[in-house]
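Let me begin by presenting the structure, written as structure tokens, before commenting on it.
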Amino acid sequence: MSSRLIFSFLLIATLAFGAPAAAPKANPAPAKKAEAFKPFTGKLLSNKVRIRAKADLESPIIRQMSKSELLLVVAEEGDFYAIAPLKDTKAYVFRSYILDDVVEANRVNVRLEPHLDAPIIGQLQAGEKIEGVVCAMNHKWLEIAPPKGTRFFVAKEFVGHAGGPEFLANMEKRKAQVEELLSSAYLNAETECNKEYEEMAPQHTIEQFQMIMRNFADFPETTTQAKEGLALLK
């Protein structure tokens, strides 16, 4: 059979029965949804860990922290964790931009210290209400809490996982509790030490120090102070 006849035969078959069905395309695999970051309480693994203003090794250093200190990790950026400001963090804004606790301009810089060379840690917008006090070091500045959303950064390699975000709040509560107990115990110890020996009744104070040592071993500095106070009574 000539090639011309074969071609004619195939053409007639195609017109009669249609072209062969194409193989079905495989459904594309669904895109993997990125998991939302889960905040957690981080525990520092080294001493002199640098907390920075941005996720950059060239960024200004906010402070240095010690091994075992806790912080709240809220996000991640490259090789850094973003953390919430520590409880004692203070911020400063130039007073001329604030009138009756209301911000009078847009993009007002908030700084870590009360001078123009200090690192910028946030900005305020016109109309925002703030609460603050006149800075004792420089009356041209107002001392305020860090703006909402302020974040600092620490290298991931120095942070371990200590628990959920509630762990930090619980530890801060315990710290305040033990500091109050220690202050009360030392005040009682001072009172007892000022008495005549025959009038001293130190048992209650001794029990206070012992209770601190027994129940708050996770605060070694405080338990050391309790031991020193106990030694004064003995």
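Looking at region 130-147, can you tell me whether even one residue there is under 22 Å from D56 (Cβ atoms), surrounded by 12 or more Cβ atoms within 10 Å (Cβ to Cβ) and modelled with pLDDT of 95 or more? No: region 130-147 contains no residue that is under 22 Å from D56 (Cβ atoms), surrounded by 12 or more Cβ atoms within 10 Å (Cβ to Cβ) and modelled with pLDDT of 95 or more.
This table checks each residue for (1) closer than 17 Å to V49 by Cα; (2) hydrophobic (A, V, I, L, M, F, W, C); (3) part of a loop (DSSP other than H, G, I, E, B).
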site: H139; (1), (2), (3): no, no, yes
site: E143; (1), (2), (3): no, no, no
site: G149; (1), (2), (3): no, no, yes
site: E157; (1), (2), (3): yes, no, no
site: M171; (1), (2), (3): no, yes, no
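Of the residues making up region 207-218, not one is crowded, with 16+ Cβ neighbours inside 10 Å, free of Cβ contacts under 8 Å to residues at least 40 places away in the same chain and not in a helix (DSSP H, G or I).
When every residue of region 61-68 is checked against the conditions, none turns out to be closer than 14 Å to P147 by Cβ, under 16 Å from the mean Cα position of the chain (by Cα) and open to solvent by 30 Å² or more (accessible area, probe 1.4 Å). Among the residues of region 92-110, which ones are touching a residue at least 24 places away in the same chain (Cβ under 8 Å) and basic (K, R)? Result: R95, single match.
What about V102, is it of a type in the set (A, V, I, L, M, F, W, C), loosely packed, with under 14 Cβ neighbours inside 10 Å and touching a Gly at 6+ places or on another chain (Cβ under 7 Å)? Yes: the conditions hold for V102. Applying the criterion of being among the hydrophobic types (A, V, I, L, M, F, W, C) and in contact with a Pro (Cβ under 7 Å, 6 or more places away or on another chain) to the residues of region 107-157, the residue that is farthest from A75 (Cα to Cα) is M137. Against the test of being more than 24 Å from D56 (Cβ to Cβ) and either open to solvent by 40 Å² or more (accessible area, probe 1.4 Å) or out of contact with any Asp or Glu (no Cβ under 8 Å at 6 or more places or on another chain) (or both), the options F167, F152 yield a single qualifying residue, F167. The single condition among (1) open to solvent by 80 Å² or more (accessible area, probe 1.4 Å); (2) in contact with a helix residue (DSSP H, G or I) (Cβ under 9 Å, 6 or more places away or on another chain); (3) without any contact (Cβ under 8 Å) to a residue 12 or more places away in the chain that E221 does not meet is (2).
The values are calculated or read from the model by the stated rules, or taken from the named source; none is laboratory data. Note that this is a predicted model, so its numbers are computed, not measured. Heads up, the Cβs are rebuilt from the backbone with ideal geometry, glycines too, and the neighbour counts pull from every protein chain shown. The accessibility values were calculated without ligands, DNA or RNA, using every heavy atom of the protein model including side chains. Shrake-Rupley method; radii C 1.70, N 1.55, O 1.52, S 1.80 Å.
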